[in-house]
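The values are calculated or read from the model by the stated rules, or taken from the named source; none is laboratory data. No experiment lies behind these values; they were computed from the predicted model shown. All Cβ positions, glycine included, derive from the backbone under ideal geometry; neighbour counts span all protein chains shown. Just so you know, the surface numbers come from the protein's heavy atoms only, side chains and all, with ligands and any DNA or RNA stripped out. Shrake-Rupley method; radii C 1.70, N 1.55, O 1.52, S 1.80 Å.
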Amino acid sequence: MVKQEQELDNRPDNTAFTQQRLPAWQPMLSAGIIIPGFVLIGLAFIGIGVALFVTSRSIQVLEIDYTGVAQDSPCFKCSDPNAKNCMCTMEFSIDSLFQGPVFFYYGLTNYFQNYRRYGVSKDANQLSGDLEYFTNPSDDCAPYVYDNNKPIVPCGSVANSMFNDTFKLFQIVNGARKQVPLDGKGIAWWTDYNVKYRNPNVTPLRNAFNGTVKPVFWSRPAYELDPTDPANNGFINQDFLVWMRRAALPNFRKLYRRITEGDFAEGLPAGNYSLEIAYNYPVLSFDGEKKVVFSNVSWMGGKNEFLGIAYLVIGSLCVVMSIVMLIVYAKFKFPEED
Amino acid sequence: LILGLLNRLDITQILRVDSRTIYVGHRACPANEAFIPPKFCDNRIVSSKYTVWNFLPKNLFEQFRRIANFYFLIIFLVQVIVDTPTSPVTSGLPLFFVITVTAIKQGYEDWLRHKADNEVNKYPVTVLEDGRRIRKESEKIKVGDVVEVEEDETFPCDLILLQSSRDDDTCFVTTASLDGESNHKTHYTVPDTEKDLESLNVIIMWSQSLGPENLLLKGATLKNTQKICGVAVYTGMETKMALNYQGKSQKRSAVEKSINAFLLVYLCILVSKALVCTTLKYVWQSKPGQDEPWYNEKTQREKDTNLYLKMFTDFLSFMVLFNFIIPVSMYVTVEMQKFLGSFFITWDKDFFDPEIKEGALVNTSDLNEELGQVEYVFTDKTGTLTQNNMEFIECCIDGFQYKYRDASSELDGFCVTDGPVIYLDKWEELFLRALCLCHTVQVKESTEQKVLQPPQEQRGFIASSPDEVALVKGAMRYGFTFLGLESKSMKILNRNNDVEMYELLHVLNFDPVRRRMSVIVRAKSGDTLLFCKGADSSIFPRVRQEEVERIRMHVERNATEGYRTLCVAYKYLNAEEYAQADAGLREARLALQDREEKLMAVYNQVETGMSLIGATAVEDRLQEEAAETMEALQGAGMKVWVLTGDKMETAKSTCYACRLFQRNTELLELTVRTLEDGGRRREERLHELLLEYHKKAVQDAPPVKAGVTRSWSLTNQDYGFIIDGATLSMVLNSSSESNSSRYKNLFLQICQNCTAVLCCRMAPLQKAQIVKMVKNSKGSPITLSIGDGANDVSMILEAHVGIGIKGKEGRQAVRNSDYAIPKLKHLKKLLLAHGHLYYVRIAHLVQYFFYKVGETNAHVTLLQSQRLFGPLYDAAYLTMYNICFTSMPILAYSLLEQHICIEVLLDNATLYREIAKNGMLRWGPFLYWTLLGVFHGLLFFFGVRYLFSNPALQDNGQVFGNWSYGTIVFTVLVFTVTLKLALDTRHWTWINHFVIWGSLAFYVFFSFFWGGIIWPFLRQQRLYFVFANMLSSVSAWLVIILLILLSLLPEILLVVFRKPRGPHARQIAAVTPLSYKHLKERQ
């Protein structure tokens, strides 16, 4: 049937967009641009790589394993799971000045803080100081929600498994032990300490925890984590915060203390040291290892050779590629060069 | 009045045997007859799929029948029910999005179909009811209604002709829109009908069956008859036209098919991965101390659940964890791309036709990319290739060529282009008189009062062959006007405005064997003349040979130019000769036995010893640029088949004119005529011919070179194949089963080696049969059908892509097509430019998604291998990744990309071949992109992993945790994925710039925003300040830059080394660089 109604103005718009004629720029990646580009990138990478490599080289690291698997290890006696409140001492020496500020890490291996179930086993509301969730923690915290029908605060696997070895470092000067002051402030993220984790607005803090129990694994309740500093208790205890920021990989280290004060502000002088360890944390059941790491940092953070080497390799590859391209270019003459 | 209609004959050789009883005008049946009126369907044509009410359930059902959607639904349900690593939102939101977008799109398309249906269904018609004429909507016609149709109107349903305004109880009808035959057919009223329908009160029972000559089919058009009345016998979906449609099935594009294939592979990988992971998990857990380290004790519920049930839920969790291996967002993007992309076709002003004031129409956007994959083009002839508008071009009289130059000036127009300028001599006048007399044309009675001298050009002629009309009109332009036939005498108005009368003594009818026709007339002067016109091959042997040579040259030249040529000859008959001929003719006509043979013998006897006057050249006006379009299509590697209901001669000359057949093309004919040549049984002959042609075209053809997909090239002998409907049905439905499939194979093989195939005398369903046959042949090539009439509908529906032409033959084709264009010439741009671009766009879109999938997939797998069971990224990132961060650039790319600009695509049809056979979505590219993605994924993961071997990345010695890790990887991912696309983009418009840089900026902004606020509705503030902290670390910056560059540098190298080479490279490269400057100049 003949279509009768015919609008007069249904002619398509003659605009650049509808006619697919928008002005466009067509990038031409010609050898003339690529070769200098590669050279430039290569040189820049090599430069950065050298800087990274040199910096990384200058970072000092001292790693001490204190798991105590080996029989001759001072901590062997403590590795027995039945030993309670076991203390052991690791002796070590430093040949030359360990440039300050020195950072004191503890490390664990084969420890999967990234288990999905483990990771979700916490109650963010509780940790932000919401009292409602003190008496009624979220089910996410399973299997550490209630202990004997009393709510656990802080609940959940992550909090429950908080690292509880403690360390004291002594410099041995002429046979005498001189304690190295360890600074426990500023080891956690500023935002974690100041915003994300909050204690309930109750003074004294312990009253907020009435009717709750401490996590099963803990020896002390949350409000008594740091007897020396009342501001470092509850959910904003720095060690707790560091622990709660879960590690990405099964072999990880976490910041324990900084050595920034007194005689050691410039670093750890050469000499003999003794590390006194309160050995509490069981790792042998899952074939883990425990270690302490002393390290200083630079602008790029801790020691990491990978980045420098990667930059150097890629940089040189770029230069090599540009040379190859130049040869190919000279020999075969890429067609259509503007 | 009861009509009994028995054994209704169908044109399509499909015998519908049924009988129905109809009460004309719904008059009450006589009381003594216990007759229950049967229920007939109403006259509505329904091509839409949904109604307002069933849209939601039906559409949802259809959508979830798609494997991918169903799969995502399952995943979503698993996520809701089982405790899984990722939240249900990550898959639920995208799924909801997909379903909504698709539903909106399909709803819109169905709305368009509703609109088109309404146009037909609401068309006003006149119905006679109780003696009154009532205007009704077409859909309200019921079986038994008496419908009145006026001239040039289409019949709204199948009617039995009761009354005609013509005196002789006939009416003329053209069925051009049904079967492509454009000539006028005569239909007869049912005999013995009461003339006064309005007061009809007599009940007559017909006992004889009504023939097709009484039946007016819906879709046909009334011609040359003021009005008719008919009773509706078949309505709506029961009409012949509707029955000729085939069920409208969902068309799937090749790209979609290959996507499905790839997804199936992915699905297998997914399942096997989940299986392997579950196994590994339990193997690993069987080691002491690993199953349940003390710090991560199982919950009571976990301890209680059955081991096997746990394994199963673990398996499901792994499935969910890996589920983004199947990219739900790809479906969204593909849907959006198709939906939005199709607007560019609608908007294209090149498709706008000022005559009908309409542009292109897109009925389904699912097939955009299919336009770039077409291998076979099936085209209708009448109205598609040709305008079905014959025009007298030139003639040649006595060896001199005359060309009509200027239509407006009468005398001067007729000028001689070669030879001396001569006055109008005897030969010319004789020639023109011959043209005026030797035909079977009727003069159309003007609807107004009979004006003796109607405006000459407007004078209407009717003939069974449009050629005759063209000739008569041609003669009219030179001053000899045929006025009509009045009581056995033909009236001619000659140059001097005198009316000449010729008594028509005999008409020696045209038949395809003789290929000529003659008339014997007696002039006023008493001379008896025989005028004969016919094909050169049938005239030349019957005239004096010395005349032939002069004219043969012209005829041959005209033929190669694609004109339809006829030769005209005459002879004087003296009284004896006439008497003899007259007696012979009369005797033969009255013969009871072998009348045909006898007539033929007399004809042959009479038509001898004539003298050749001249030749004519008539052009069946091709559609604008038809030849160029066909040439471009063939250049693009498509094979063009012409399927027409028209006569072979006509179709053949059209093929020549369209340059489908070239002068050196060898024609292989398989028609009734060639079958009858041998004088043996048709079947045997068919067998013989098929084998012979097969040998010629297939076996003797030079072997196809490896790598060249098209077997024919310029050096080869070109073959053209011609087959007609009757022979085709012999080939397809051969008597013995074994032969049938063998013939079919032979036939297909021959056709595939021919440059062009012409199938003439096709019934509509046969057209569809052919398309189906080719579609299902080896390699399942992509087919395209283009047509303009209702007779093409079945073929349009059958082909992968159906194109309707908004021609004069109604709207059926347009409504059932996938795309409709106003003119044939638009096909070129539609395929070569739009199709090509859409294909490249969507192919790259799909590849890109496989790349993205490979990337994320690699991460997740690595997480497992590292025995990290947590998710790497935050749920917000996961959800946003495909919806916001990386979707817009690829969508913009897939809408705007022009890797080669449109002009170049149009100029170089061969470029089309480069993407033929789904070239960009085969297993090779699929593997390449997936592996590239996996490679990038590995790179990012391990790069960041080695960085995190010491997680103290800040200069204050603090350590980064798992969310920082994930965020670094994710940042690298988002940037690389976006920049990779930027590298692949060859056509940077401001939109691309905006979207690419915009989404990167959005990512950064979002990350700050998301991490900058404690969100009260979130259970876990996982990303709080993670991003900002990351940016405060130099190492994080350095590793991000390193990884991005490392993954993209090889790409850049590849681009440099993979510069276009080969014969076209230079040409393309020379035109390709589009700059703002170029484009501005061009506008």
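In this structure, does B:Phe1006 turn out to be at pLDDT 90 or above, closer than 20 Å to B:Asn962 by Cα, open to solvent by 20 Å² or more (accessible area, probe 1.4 Å) and more than 11 Å from chain A (Cβ to nearest Cβ)?
yes
Is it fair to say B:Asp724 is in contact with a helix residue (DSSP H, G or I) (Cβ under 7 Å, 6 or more places away or on another chain), under 21 Å from B:Thr674 (Cβ atoms) and surrounded by 20 or more Cβ atoms within 10 Å (Cβ to Cβ)?
yes
So which residues in the range B:946-986 are open to solvent by 10 Å² or more (accessible area, probe 1.4 Å), in contact with a Leu (Cβ under 7 Å, 6 or more places away or on another chain) and within 14 Å of another protein chain (Cβ to nearest Cβ)?
If the condition is that a residue be open to solvent by 10 Å² or more (accessible area, probe 1.4 Å), in contact with a Leu (Cβ under 7 Å, 6 or more places away or on another chain) and within 14 Å of another protein chain (Cβ to nearest Cβ), then B:Gln958, B:Val959, B:Trp963, B:Leu979, B:Leu983 are the ones that fit.
Among the residues of the range B:548-581, which ones are touching a strand residue (DSSP E or B) at 6+ places or on another chain (Cβ under 7 Å) and part of a helix (DSSP H, G or I)?
B:Val548, B:Ile551, B:His554, B:Val555, B:Asn558, B:Ala559, B:Tyr578, B:Ala581
Do you know which residues across the range B:328-348 are modelled with pLDDT under 85 and at the interface with chain A (Cβ under 10 Å from one of its Cβ atoms)?
If the condition is that a residue be modelled with pLDDT under 85 and at the interface with chain A (Cβ under 10 Å from one of its Cβ atoms), then no residue fits.
So, of the residues in the range B:382-398 that are aliphatic (A, V, I, L, M) and open to solvent by less than 10 Å² (accessible area, probe 1.4 Å), which turns out to be nearest to the chain's Cα centre (by Cα)?
In this case the residue turns out to be B:Leu385.
Would you list the helices (runs of 4 or more DSSP H) that sit entirely within the range A:100-152 and hold 2 or more residues that are in contact with a Cys (Cβ under 6 Å, 6 or more places away or on another chain), within 8 Å of chain B (Cβ to nearest Cβ) and crowded, with 24+ Cβ neighbours inside 10 Å?
So the answer is none; nothing clears 2.
Looking at the range B:873-899, which of the residues that are under 13 Å from B:Gly998 (Cα atoms), of a type in the set (A, V, I, L, M, F, W, C) and in contact with a helix residue (DSSP H, G or I) (Cβ under 6 Å, 6 or more places away or on another chain) is most open to solvent (accessible area, probe 1.4 Å)?
Among those residues, the one meeting the criterion is B:Met888.
Is there a residue being out of contact with any Cys (no Cβ under 6 Å at 6 or more places or on another chain), acidic (Asp, Glu), at negative phi and open to solvent by 40 Å² or more (accessible area, probe 1.4 Å) anywhere in the range B:905-921?
Within the range B:905-921, one or more residues are out of contact with any Cys (no Cβ under 6 Å at 6 or more places or on another chain), acidic (Asp, Glu), at negative phi and open to solvent by 40 Å² or more (accessible area, probe 1.4 Å).
Report, by residue number, each residue of the range B:618-631 that is modelled with pLDDT under 85, among the aliphatic types (A, V, I, L, M) and touching a Lys or Arg at 6+ places or on another chain (Cβ under 9 Å).
Listed by number, the list holds a single entry, B:Val618.
Determine which member of the set B:Lys257, B:Lys287, B:Lys298, B:Lys310 is within 14 Å of chain A (Cβ to nearest Cβ) and at pLDDT 80 or above.
B:Lys310
Take the residues in the range B:654-684 that are at pLDDT 80 or above and part of a helix (DSSP H, G or I); name whichever of them is nearest to B:Asn739 (Cα to Cα).
B:Cys655
Out of (1) within 30 Å of B:Met880 (Cα to Cα); (2) outside the structural domain of B:Thr650 (by the TED database); (3) open to solvent by less than 20 Å² (accessible area, probe 1.4 Å), the odd one out for B:Phe315 is which?
(3)
What tally of residues in the range A:284-315 results from selecting those that are at the interface with another protein chain (Cβ under 9 Å from one of its Cβ atoms), under 30 Å from A:Thr89 (Cβ atoms) and not in a strand (DSSP E or B)?
Qualifying residue count, the range A:284-315: 8.
From the list B:Gly1012, B:Gly998, which residue is of a type outside the set (Lys, Arg) and either at pLDDT 90 or above or under 17 Å from B:Tyr965 (Cβ atoms) (or both)?
Answer to the check: B:Gly998.
Going by the conditions given, is B:Gly924 without any contact (Cβ under 8 Å) to a residue 60 or more places away in the chain and assigned to a helix (DSSP H, G or I)?
Judged against the criteria, B:Gly924 is a match.
Say we look at the range B:113-152 and pick out the residues that are within 14 Å of chain A (Cβ to nearest Cβ) and of a type in the set (Gly, Ala, Ser); which of these is nearest to the chain's Cα centre (by Cα)?
Within the range B:113-152, the match that is nearest to the chain's Cα centre (by Cα) is B:Ala116.
Here is a yes/no grid of residues against (1) open to solvent by less than 40 Å² (accessible area, probe 1.4 Å); (2) among the hydroxyl-bearing types (Ser, Thr, Tyr); (3) in a helix (DSSP H, G or I):
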| position | (1), (2), (3) |
| --- | --- |
| A:Pro12 | yes, no, no |
| A:Met28 | no, no, no |
| A:Ile34 | yes, no, yes |
| A:Phe45 | yes, no, yes |
| A:Ile48 | no, no, yes |
| A:Ser73 | yes, yes, no |
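Report, by residue number, each residue of the range A:50-61 that is outside any helix (DSSP H, G or I) and open to solvent by less than 40 Å² (accessible area, probe 1.4 Å).
Of everything in the range A:50-61, just one residue is outside any helix (DSSP H, G or I) and open to solvent by less than 40 Å² (accessible area, probe 1.4 Å), namely A:Ile59.
Residue check: is B:Val995 open to solvent by less than 10 Å² (accessible area, probe 1.4 Å), more than 10 Å from every other protein chain (Cβ to nearest Cβ) and not polar (S, T, N, Q)?
no
Does the range B:760-771 include one or more residues that are at pLDDT below 85, assigned by the TED database to the domain that holds B:Gln662, open to solvent by 20 Å² or more (accessible area, probe 1.4 Å) and assigned to a helix (DSSP H, G or I)?
yes
Just need a number here: residues in the range B:791-814 that are in a helix (DSSP H, G or I), open to solvent by 10 Å² or more (accessible area, probe 1.4 Å) and either touching a Pro at 6+ places or on another chain (Cβ under 7 Å) or more than 21 Å from B:Ser253 (Cβ to Cβ) (or both).
1
Test A:Arg220 against the criterion of being of a type in the set (D, E, K, R) and not in a helix (DSSP H, G or I), and give yes or no.
For A:Arg220, the condition - of a type in the set (D, E, K, R) and not in a helix (DSSP H, G or I) - is met.
Of all the residues that make up the range A:156-187, how many are within 21 Å of B:Trp1015 (Cβ to Cβ) and either without any contact (Cβ under 8 Å) to a residue 40 or more places away in the chain or in a loop (DSSP other than H, G, I, E, B) (or both)?
Adding up the residues that qualify gives 1.
Within the range B:472-527, track down each residue that is of a type in the set (A, V, I, L, M) and loosely packed, with under 13 Cβ neighbours inside 10 Å.
If the condition is that a residue be of a type in the set (A, V, I, L, M) and loosely packed, with under 13 Cβ neighbours inside 10 Å, then B:Val499, B:Val513 are the ones that fit.
Out of A:Asn207, A:Asn174, A:Asn232, A:Asn194, which single residue is away from every other protein chain (no Cβ under 13 Å), over 23 Å from A:Thr89 (Cβ atoms), among the polar types (S, T, N, Q) and surrounded by fewer than 16 Cβ atoms within 10 Å (Cβ to Cβ)?
The conditions single out A:Asn207.
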